[in-house]
1. For ARG42 and LYS67 in the same chain, what is the full-extension length gain: residue separation times 0.36 nm, less their Cα-Cα distance, in nm?
2. Going through the cross-link list LYS153/LYS217; LYS138/LYS160; LYS217/LYS326, which pairs have a Cα-Cα distance over 23 Å in this structure?
3. Quickly rank 322-328, 62-68 as a protection proxy: mean count of other C-beta atoms within 10 Å, highest first.
4. Below 13 angstrom from the Cβ of ILE140, what's the summed charge of the other residues (Lys, Arg +1; Asp, Glu -1)?
5. What does the extension gain come out to for ALA86 and ASP162, with contour length at 0.36 nm per residue minus their alpha carbon separation?
6. Could you go through the stretch 298-307 in sequence order and give the Karplus-derived ³J(HN,Hα) for each residue, using 6.51 cos²θ - 1.76 cosθ + 1.60 with θ = phi - 60°, rounded to whole Hz, and x for Gly and Pro?
7. Report the gain in length on full extension from ALA309 to LYS138: 0.36 nm times residue separation, minus Cα-Cα distance, nm rounded to one decimal.
8. Give the calculated FRET efficiency between SER256 and ALA50 to the nearest 0.05, with a Förster radius of 22 Å applied to their Cβ-Cβ distance.
Amino acid sequence: MSDSEPDHPLAAYGWDAAWAEAFAPHATAGLEPARVVVELRRHYYAVITARGELLAECTGKFHHDAKRDPAAYPAVGDWVAVSPIAGAEHRAQLHALLPRRSRFVRQAAGGEQTQQIIAANIDTVFLVSGLDRNYNPKRIQRFLVAARDSGAKPVIVLNKADLHPDPESVREEIERLAPGVPVIVTSSHTRRGLKLLGGHAAPGVTLAFVGSSGVGKSSLINRLARDAELPTGEVREKDAKGRHTTTRRELVLAPSGALIIDTPGMRELQLWDADEAVEEAYADIVGIAARCRFSNCRHENEPGCAVRAALEDGTLPPERLASYRKLKAEQAAKAPSLKKPSAVASKPGWKQKAAERAAKPFRHRLHDED
């Protein structure tokens, strides 16, 4: 049986002919394909293979090649090449990382300018925001830029509609601020919008839910994957602050056949080298600016400024221009110090666009061993 055939054991996890072609050199070396389903500590990973779920550890050579760039290590959703360890049940060595088709990335916490991969090889990324006191249009726009940069299709999800008196007005506001991006209003309590959300959950499609803490990502996922109960937490009514109920990234195979990645809540999202993505996310402003009389127009007091004209006639919301300027200034300030990714993490071409596994109890043993 060819690795590219639809009935390959890993087809349910997104394996296809293109992945088989990319993996061919590793197959020649006697290695097996696997997809990372859980990222554990100290560069240990739960991976799904044709023989089931294994605990994989990076080889010494992999560590040596990747140590200069944290993004060169696998992330949830990555496809990797492994070899089972003889005599060690459910164990494997991880030898190589396949080039990513897409990746959601942010600047790692701390002072050093390095990138952190949140999830890889995702088809659609849901940008979840709560319609309680967590609601912040500027944060949504920042997440949208990161989603554009990822190579995945962005969908904005306005959750907790039951807590807002007029959620439709918010949807209209976000549609003005993010033209062309689908916006879904949901409530995990009333089930509003869940059919629209589920419409994206096709077999073999990888979905990622991202957002700040307490927006209800895990509750929405539990609605889509009822048999994969993820922990959920309450949000303080006083300030809408939620606990980080998801403490690790995990890929789950849903009953629909879709692959769902939950991510820990992010208190803030520092963009990583996303200047091109800013231009793409604000293509309307870039297009308007192209009509300015002067090519170096700063959109302040220059004559013939198309941007100021769009502000005056209401075509361009002032808050959208303010967000664009802020993100452009942020990217310009950090550009000189950015560390570029290694060849392994450069992801050539990423811009171009089954039932629940029976080994679930084994995953709990992985945590004990880690």
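All of the numbers you see were taken from the coordinates with simple rules; none came from a lab. All figures in this text were calculated on a predicted structure; none of them were measured in a lab. All Cβ positions, even for glycine, are placed from backbone atoms using ideal geometry, and neighbour counts span all protein chains on display.
1. Working it through step by step, the gained length comes to 7.8 nm.
2. Working: LYS153/LYS217 18 Å; LYS138/LYS160 18 Å; LYS217/LYS326 27 Å.
Long pairs (Cα-Cα over 23 Å): LYS217/LYS326.
3. Ranking the peptides 322-328, 62-68 by packing returns 322-328, 62-68.
4. Here the count lands on +4.
5. Result: 22.0 nm gained on full extension.
6. Rounded to whole hertz, the list is 9, 6, 10, 10, 5, x, x, 7, 6, 5.
7. 59.3 nm
8. For SER256 and ALA50, the calculated efficiency is 0.50.
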